[in-house]
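J.: Next up is a structure, given as structure tokens.
The values are calculated or read from the model by the stated rules, or taken from the named source; none is laboratory data. Computed from a predicted model, the values in this text were never measured in an experiment. Neighbour counts are summed over all protein chains in view; Cβ atoms, including those assigned to glycine, are modelled from backbone coordinates with ideal geometry. Please note that ligands, DNA and RNA were not included when accessible areas were found on the heavy atoms of the full protein model with its side chains. Shrake-Rupley method; radii C 1.70, N 1.55, O 1.52, S 1.80 Å.
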Amino acid sequence: MDELSFFQHGSKWIRADFHLHTKRDREFIYAGDDNDFIKDYISALKTANIRVGIITNHNKFDREEFKNLRKAAKKENIYLLPGVELSIKDGANGIHTLIVFQEDWIDNQANKDHINSFIELTFAGQTNYDNSNSRSNHDIIDTIRELDKFQKEYFMIFAHVENTSGLWHELKDGRITELGKKEEFRCRTAAFQKVKPSETKEKVIAWLEGWYPSEVEGSDPKSIEQVGKGEKSYIKIGAFTFEAIQFALKPKAERLLKSEIQKLKHTWIRSISFDGGIFDKTRIDFSEEMNCLIGIRGSGKSALLECLRYALKLPLPSNTEDYRYKVDLVDFALESGGKIVVEIEDASGNIYEIRRILNHNSDVYFNDVLQPGISIPLKDPLFFGQKELVKRGEGSERELVSRLMGTKLDNVRKEIRMQHQKVLDVLNSLDKFQSLDELEQEYLNKKRTTEFKLDLFKKYGIEKQLNRQVVFNADVTNSQRVVTAIDTFINSFDLFLNEQSSELASLAKLESEENADTMLSINALMEKIRKVPDAIMKFLNDTRQCSTELHEKLSDLEQRRDLLKEEFASIERTLNEQLQSSGEKGIRPDDFVKLNTELQNAKLALEEIAKNRVRKNNIQDELRKELRSLSNLWHTEYKMIEAEILKLNDSQKALKIIPIFKGDKEIFKNEMITQFRGSHLRESTHKNISEKYADFISIFDSLDSVCSELGESGDVFRKYFTDNRATLLTWQVPNSFHIKYHGKELSEHSLGQRASALILFILSQSDNDVIVIDQPEDDLDNQTIFEDVIKQVRAVKQNIQFIFATHNANFPVLGDTEQVGACSFVDSNTVLKVGSIDDPTIQKAIVSIMEGGHEAFTRRKEIYQQWKQ
């Protein structure tokens, strides 16, 4: 792996050892073969995971040894800088000072060794100074002045400051205070080494009167075995350069750690690459922390981010115009057949690939194998494209809260969808009983009419003579009803048993090396349960046999009735003759039989209606129960939102969100108007009802009262409500959210203030793996960007990946971004230069793109300096 690959994802934390010795030092002991020293030393650095090392032998620098070490180290992506541990003439025992030199002290066109030139100068007149505890000829300030004469870059680290020959140990408070006031001392002193929390440290801080450098560690080894031992230092750099290390030691750079590197805890986007379109063969590698895409307008920054959104299938803006623009932007960027590949790495180091061709669905690959149905473990990514940060119009606050909640509500919303279906299922069942009242009235009328007609037959004695025939018909009808019910039971149970038997049979035996005994017991119980359907099937077969016998009995009964047809017909003829002879020509005996059959059917129908009425009442109770469950789930969702909002409100003081459960009465009223269209009810009626009741479920619970209060319009309201109840009862009244910024409604603030408030709110999130924002500076002033946005991003970027597209230099420079993508549009294609902010090529791009070029940058610097004076 070369240096480019090592910093492929931008700046990273690496271990640095600022105090190393080699066998050229008088105190270093190496017992091995001299020819193996370079190999053994680099191996020791690698084992200790040291990526940056400063070679600082006592009063000595061996140019050839250093070059050989550096060459071997480079192959292992270890960066070594030349240095010297100089014993400066100050204090009682001298001050041990680590001087770190830029490479051009030894790598220069004249091929001169300026380091040894300096050493010889500062020890002029002395002999054997590198093999004894000789002190130089200059004190600290004079040493700096002598070094400055070489007109080359270097910095100083004061070694083991609290021990003998250490700065703090050797100098008194007045002398340290005096040094701290000198500009050259503060300018060249990069760090103190081996600092422990102590009273001495507190005193030094006071003596230096507000100025205090960084603190670093170095193993100060006296043998190869001691390389990397002891306390550790970590620095963040994006290139192996002297300047990157020098900058990392700046106290405000926040690029130095003395604790172990924090393990990555979140999923992040590793890269995006393209095949086809304006980004053809382009790949940009992202850092897991902060990334900035820079470039002039039209250079492709927004197109790249919209392609990322497209690949991840993140929501597009609801505004039709913005939606169309962003869809067209992806079409333009990818062109026909264009493909995007996005690499994503989770906290465990697993790498997924999302591949998406234009106008096709995304495919997920793991280990280069397609994984249908697998979702990427990217937690609640937030994406704000151009003009999306400060969304205007009704419902924008609700949409913002919804986006910030991300997937936290997925489970409860899934339950809500399931509960919706339960309510609809109950309503469908209830619809079957919709005409119950009409049917009951119909059969009651039939029963009364039939009974009235049958009363006419009583005075002629027909009832008694035809009673046997009536009883036979009633017995046959009742028996048929029983046989039909038994057949329905057997068929339904048979279907259920077959389905569940298949489910049981499909359950595989469980196996486990860790819990073999438990798995054995579970399998035994499963086997026992598998036998249950067979046992039930035996009873079902017995029931089928009974059903067969019932059919036979019914058939016997019907045959017996048929055998008596002639007898019944003879009786009817005799009765008919008697009635004719007595002058009653309008009375027919066969009508009596038919009327009794109709009466029997009417009674059976009324019995069934009575049963159905009980069923209907039970279903209505079930509907109320399911509606209550749905309402409770809506409330659960709200309480989850409220809890998250409370945490967000507590995390900062400027912005407050006030949620109101089912609070959007305007949308509630408008939905009612829509569903009651054609009812000719006045808008004021809908308004009054929406303000009085929480939602349609509340109206349903009080429907009689609502209709009563509406007077003549009550029947109309009831009809429309009943006709649309499936839609109404499952419609959720939206929660409302009032956002206040510094105590005033957000809507009352200027656009810039709204943008400031919302971006601070977004940056206060802690549960999002990735936050992508396209040109956040469009509605922000520079002071807000620096004072609020940049500081917040730097505080949280170790736990959240940020991807910005920006024209504002504050983001990459003051945000100390880990990775920069410089975009330019050349010959209908976008060209990207990607690297860390430590990369000189990227630094030039920032100055050129974001500062108007080097000349403009320098001129502004001169003007600002003049203003300062």
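J.: Starting from residues that are of a type in the set (Gly, Ala, Ser) and part of a loop (DSSP other than H, G, I, E, B), keep the ones in segment 307-353 and report whichever is modelled with the lowest pLDDT.
T.: First, the residues of segment 307-353 that are of a type in the set (Gly, Ala, Ser): 311, 318, 333, 336-338, 347-349.
Next, only the ones that are part of a loop (DSSP other than H, G, I, E, B) stay: 318, 336-338, 347-349.
On the way: SER318: 72, SER336: 93, GLY337: 93, GLY338: 94, ALA347: 89, SER348: 90, GLY349: 91.
Ranking the candidates gives SER318 first.
J.: Yes or no: VAL330 open to solvent by less than 30 Å² (accessible area, probe 1.4 Å), without any contact (Cβ under 8 Å) to a residue 40 or more places away in the chain and of a type in the set (A, V, I, L, M, F, W, C)? Spell out the reasoning first.
T.: Details: open to solvent by less than 30 Å² (accessible area, probe 1.4 Å): yes; without any contact (Cβ under 8 Å) to a residue 40 or more places away in the chain: yes; of a type in the set (A, V, I, L, M, F, W, C): yes.
Judged against the criteria, VAL330 is a match.
J.: Picking from LYS112, LYS152, which residue would you name as being assigned to a loop (DSSP other than H, G, I, E, B), at pLDDT 95 or above and surrounded by fewer than 18 Cβ atoms within 10 Å (Cβ to Cβ)?
T.: The match here is LYS152.
J.: Exactly one of (1) touching a residue at least 24 places away in the same chain (Cβ under 8 Å); (2) more than 24 Å from ALA333 (Cα to Cα); (3) out of contact with any Ser or Thr (no Cβ under 8 Å at 6 or more places or on another chain); (4) of a type in the set (Gly, Ala, Ser) is unmet by ALA347. Its number?
T.: Result: ALA347 passes all but (3).
J.: From the list GLU217, GLU321, pick out the single residue that is over 21 Å from the mean Cα position of the chain (by Cα) and either open to solvent by less than 20 Å² (accessible area, probe 1.4 Å) or over 23 Å from ILE773 (Cα atoms) (or both). Outline the logic, then answer.
T.: Numbers: GLU321 fails: either open to solvent by less than 20 Å² (accessible area, probe 1.4 Å) or over 23 Å from ILE773 (Cα atoms) (or both).
Selected residue: GLU217, the only one of GLU217, GLU321 that is over 21 Å from the mean Cα position of the chain (by Cα) and either open to solvent by less than 20 Å² (accessible area, probe 1.4 Å) or over 23 Å from ILE773 (Cα atoms) (or both).
J.: Another question, then. Taking into account only those residues within segment 505-550 that are surrounded by 12 or more Cβ atoms within 10 Å (Cβ to Cβ) and among the basic types (Lys, Arg), which is nearest to ASP475 (Cα to Cα)?
T.: Among them, the one singled out is ARG544.
J.: Cβ contacts < 6 Å: first residue closer than 13 Å to THR143 by Cα, restricted to segment 113-131; second residue open to solvent by 30 Å² or more (accessible area, probe 1.4 Å) and assigned to a helix (DSSP H, G or I), any location; separation 6+ or different chain. Result?
T.: Taking only residues 6 or more apart or on different chains, the pairs are PHE123/TYR129.
J.: Checking the conditions here, which among ASP142, ASP90 is over 56 Å from the mean Cα position of the chain (by Cα) and in contact (Cβ under 8 Å) with a residue 24 or more places away in the chain? Walk me through it before giving the result.
T.: On the way: ASP142 fails: in contact (Cβ under 8 Å) with a residue 24 or more places away in the chain.
Result: ASP90 is the single residue among ASP142, ASP90 that is over 56 Å from the mean Cα position of the chain (by Cα) and in contact (Cβ under 8 Å) with a residue 24 or more places away in the chain.
J.: Moving on. Can you find, within segment 739-759, the residue that is nearest to the chain's Cα centre (by Cα) among those that are surrounded by 18 or more Cβ atoms within 10 Å (Cβ to Cβ) and more than 23 Å from GLY663 (Cβ to Cβ)?
T.: Only one residue tops the list, namely ILE759.
J.: Here's a follow-up. Name every residue in segment 220-240 that is open to solvent by less than 30 Å² (accessible area, probe 1.4 Å), at negative phi and not β-branched (Val, Ile, Thr), in order of residue number.
T.: PRO221, SER223, SER233, TYR234, LYS236, GLY238, ALA239, PHE240
J.: Which residues, taken from segment 479-488, are within 16 Å of THR548 (Cβ to Cβ) and touching a residue at least 24 places away in the same chain (Cβ under 8 Å)? Steps first, please.
T.: From segment 479-488, those within 16 Å of THR548 (Cβ to Cβ) are 479-480, 482-488; that's our starting set.
SER479, GLN480, VAL482, VAL483, ILE486, ASP487 - these are the residues of segment 479-488 that are within 16 Å of THR548 (Cβ to Cβ) and touching a residue at least 24 places away in the same chain (Cβ under 8 Å).
J.: Look through ILE660, ILE667, ILE699 and report the one residue that is of a type in the set (A, V, I, L, M, F, W, C) and touching a Gly at 6+ places or on another chain (Cβ under 9 Å). Lay out the reasoning, then the answer.
T.: On the way: ILE660 fails: touching a Gly at 6+ places or on another chain (Cβ under 9 Å); ILE699 fails: touching a Gly at 6+ places or on another chain (Cβ under 9 Å).
None of the other options fit; the residue is ILE667.
J.: Counting only residues that are modelled with pLDDT under 80, give me the helices (runs of 4 or more DSSP H) lying completely in segment 695-791 with at least 1 of them. If you could, list the steps in order and put the result at the bottom.
T.: Numbers: elements: 696-701, 703-709, 714-723, 725-729, 751-763.
Counting at least 1 such residues, we get 751-763.
J.: A further question follows. Which residues, taken from segment 241-254, are crowded, with 21+ Cβ neighbours inside 10 Å and either at pLDDT below 95 or over 22 Å from LEU179 (Cα atoms) (or both)? Reasoning before the result, please.
T.: First, the residues of segment 241-254 that are crowded, with 21+ Cβ neighbours inside 10 Å: 244-245, 248-249.
Answer for segment 241-254, where residues must be crowded, with 21+ Cβ neighbours inside 10 Å and either at pLDDT below 95 or over 22 Å from LEU179 (Cα atoms) (or both): ALA244, ILE245, ALA248.
J.: Among the residues in segment 160-171, are any within 22 Å of GLU217 (Cα to Cα), of a type in the set (D, E, K, R), in contact with a helix residue (DSSP H, G or I) (Cβ under 7 Å, 6 or more places away or on another chain) and open to solvent by 40 Å² or more (accessible area, probe 1.4 Å)? Give the steps one after another, and end with the answer.
T.: Going through segment 160-171, the residues within 22 Å of GLU217 (Cα to Cα) turn out to be 160-171.
If we keep only those that are of a type in the set (D, E, K, R) too, we end up with 162, 170.
Subsequent filtering for residues that are in contact with a helix residue (DSSP H, G or I) (Cβ under 7 Å, 6 or more places away or on another chain) retains 162.
The next check asks that each one be open to solvent by 40 Å² or more (accessible area, probe 1.4 Å); those that pass are 162.
Taking every residue of segment 160-171 in turn, at least one turns out to be within 22 Å of GLU217 (Cα to Cα), of a type in the set (D, E, K, R), in contact with a helix residue (DSSP H, G or I) (Cβ under 7 Å, 6 or more places away or on another chain) and open to solvent by 40 Å² or more (accessible area, probe 1.4 Å).
J.: May I ask you to verify whether ASN57 is at pLDDT 95 or above and assigned to a strand (DSSP E or B)?
T.: Details: at pLDDT 95 or above: yes; assigned to a strand (DSSP E or B): yes.
Considered against the rule, which asks whether it is at pLDDT 95 or above and assigned to a strand (DSSP E or B), ASN57 comes out as yes.
To keep it simple, each residue is scored yes or no on (1) open to solvent by 10 Å² or more (accessible area, probe 1.4 Å); (2) out of contact with any strand residue (DSSP E or B) (no Cβ under 9 Å at 6 or more places or on another chain); (3) modelled with pLDDT under 95.
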site	(1), (2), (3)
ASN68	yes, yes, no
GLY83	no, no, no
ALA92	yes, yes, yes
GLY125	yes, yes, yes
SER134	yes, no, yes
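J.: Using beta carbons and a limit of 7 Å, which pairs, at least six apart or on different chains, have the first residue in segment 202-216 and in contact (Cβ under 8 Å) with a residue 40 or more places away in the chain and the second one open to solvent by 50 Å² or more (accessible area, probe 1.4 Å)?
T.: Listed pairs, sorted by first residue: SER214/PRO251; GLU215/LYS258.
J.: If you don't mind, there's one more thing I want to ask. Pull out all pairs, ordered by first then second residue, where Cβ-Cβ is under 7 Å, the residues are six or more apart or on different chains, the first lies in segment 531-544 and is among the β-branched types (Val, Ile, Thr), and the second is open to solvent by less than 80 Å² (accessible area, probe 1.4 Å).
T.: ILE536/LEU497; THR543/ILE490
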